[in-house]
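In what follows, a single structure is set out as structure tokens and then discussed.
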Amino acid sequence: MNEREWLKTNLAICALCGRCKKDCPTYLAEHNESRSPRGRMLLLYEAALKEELIDQALIERVYSCLVCGACEGICPSGVDVLKAILIGRAYLKGHDRKGRLLRRLMAAGTKRPILSYRLLSVFKDLLNPLLVKKGLIHRGLELDMPPLQTVDTVFSPEGRRKGRVVLFTGCSVRFLYPYLGQSFISVMNSLGFEVVLQRKEYCCGAPLLGLGMIKETERLAQRNLESFERLKADAIVSLCPTCVTVTGGIYRRLFGDALEMMVFDDFIKDLIGEKQKAGLDSSVFYHPPCHMKNYRGCDSAIGLIELSGMVLRGQSEGCCGHAGTYSLRFKERSLQMLQKRVSEFESSEADVLVTSCPGCMFQLSKMIDHPRVIHTVEIVEEMLEIKGKETD
């Protein structure tokens, strides 16, 4: 069944009840029916019935979805809204003039990530000021740090090995924040676990999916599934909830197979337990990533913050506005969402902002000094360092 026929068949059952609008961030921000899940489903259904209705305005409304999962599992008629959005974008992408350049850039970046990163590194002095000025990256972002896999691929603990984990770095940790991967290695080694990296790791495909490039994502999915099947480990862990969501549920829904991967927060909570409780002297504001709270229905980060001894002074009330390529395509709306999250953080008067997603870190650091935006793995690393000193 091609994309058009899938949309005709699966969207015909939508009863237009509107339950999916209740928590939709774009609808709540704009109160525009065409930027709600129900509105997008209706637009896609009509476009599938009559292709001549497709224009750039319709395309922009479908692509304005954050794919955040706020409407996940709500539809009483059983419409898979996420799948419909992704297939709908694939159906529309041939008509999408605005996204052509972005698709070429993303296709090249995911096909040759090392080469693309090296080019960025070479021209960083020229590009960085321009990208910061345009609000596309944050100040202090280092584009010349060596990716983790160029340092080593196996990191063994001192003493007896209790287990072995594979770190799926993802593009953000691999290229933008390799220090987060180093923190993960430090944490796992201190707990007696050997950490393995794949020297040739493939992107999960999230940026391509957001642009309607399902066939290109399927090729990446196949490579990831084949390469990780060969590895023997107790678990595959990622510091990025988006990578876990895509390689898990979204792979399964689109391609029929998935990687069994865990978010770091979930994996680590059972390993450290109450015995590792530490008295970190800071107050924090927590930003829960959309792909953590909406697709999984639970969030272990709060428990980690409580174990750390840090004082929790509030949580974000919505999406940071990153949403992958959304922040590039809808820059103004993305920054409006970001400003709301920044205002919440500033009102809390917390020392630092904690999140579990490197993508959210990237977005939040555009308006908050990057050293004040930290990942949960950094909290755990500091906790274990304190406990280690106490036992010396």
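The values are calculated or read from the model by the stated rules, or taken from the named source; none is laboratory data. Nothing here was measured: the structure is a model prediction, and the numbers come from that model. For neighbour counting, all protein chains shown are included, and Cβ atoms are generated from backbone atoms with ideal geometry for every residue, glycine included.
Of the residues in the range 296-315, how many are among the hydroxyl-bearing types (S, T, Y) and surrounded by 22 or more Cβ atoms within 10 Å (Cβ to Cβ)?
Going through the range 296-315 one residue at a time, the tally reaches 1.
So is E378 surrounded by fewer than 23 Cβ atoms within 10 Å (Cβ to Cβ), assigned to a loop (DSSP other than H, G, I, E, B), under 18 Å from the mean Cα position of the chain (by Cα) and not assigned by TED's automatic domain parsing to the domain that holds G69 or not?
Answer is no for this residue.
Please list, ordered by first then second residue, the pairs with beta carbon atoms under 8 Å, 6 or more apart or interchain, first in the range 322-346 and closer than 25 Å to V284 by Cα, second among the aromatic types (F, W, Y) and buried (at least 16 other Cβ atoms within 10 Å of the Cβ).
Pairs found: H322/F362; S334/Y326; E344/F285; F345/F285.
Under the condition of being among the β-branched types (V, I, T) and in a loop (DSSP other than H, G, I, E, B), which residue from the range 147-185 is modelled with the highest pLDDT?
Among residues in the range 147-185 that are among the β-branched types (V, I, T) and in a loop (DSSP other than H, G, I, E, B), the one modelled with the highest pLDDT is T169.
Of the numbered conditions (1) modelled with pLDDT under 95; (2) buried (at least 20 other Cβ atoms within 10 Å of the Cβ); (3) of a type in the set (A, V, I, L, M), I74 fails exactly one; give the number of that condition.
The number of the failed condition is (2).
Out of the helices (runs of 4 or more DSSP H) lying entirely within the range 287-367, which hold 2 or more residues that are within 12 Å of the chain's Cα centre (by Cα) and within 19 Å of T247 (Cβ to Cβ)?
Output list reads 290-296, 358-364.
Out of the range 17-37, which residues are without any contact (Cβ under 8 Å) to a residue 24 or more places away in the chain, polar (S, T, N, Q) and in contact with a helix residue (DSSP H, G or I) (Cβ under 7 Å, 6 or more places away or on another chain)?
S36 - this is the single residue of the range 17-37 that is without any contact (Cβ under 8 Å) to a residue 24 or more places away in the chain, polar (S, T, N, Q) and in contact with a helix residue (DSSP H, G or I) (Cβ under 7 Å, 6 or more places away or on another chain).
For L82, indicate whether it is surrounded by 15 or more Cβ atoms within 10 Å (Cβ to Cβ), modelled with pLDDT of 80 or more, in the same structural domain as R40 (by TED's automatic domain parsing) and not acidic (D, E).
yes
Restricting attention to the range 238-274, report how many residues are part of a helix (DSSP H, G or I) and either of a type in the set (D, E) or within 15 Å of G205 (Cα to Cα) (or both).
Looking only at that region, the number is 19.
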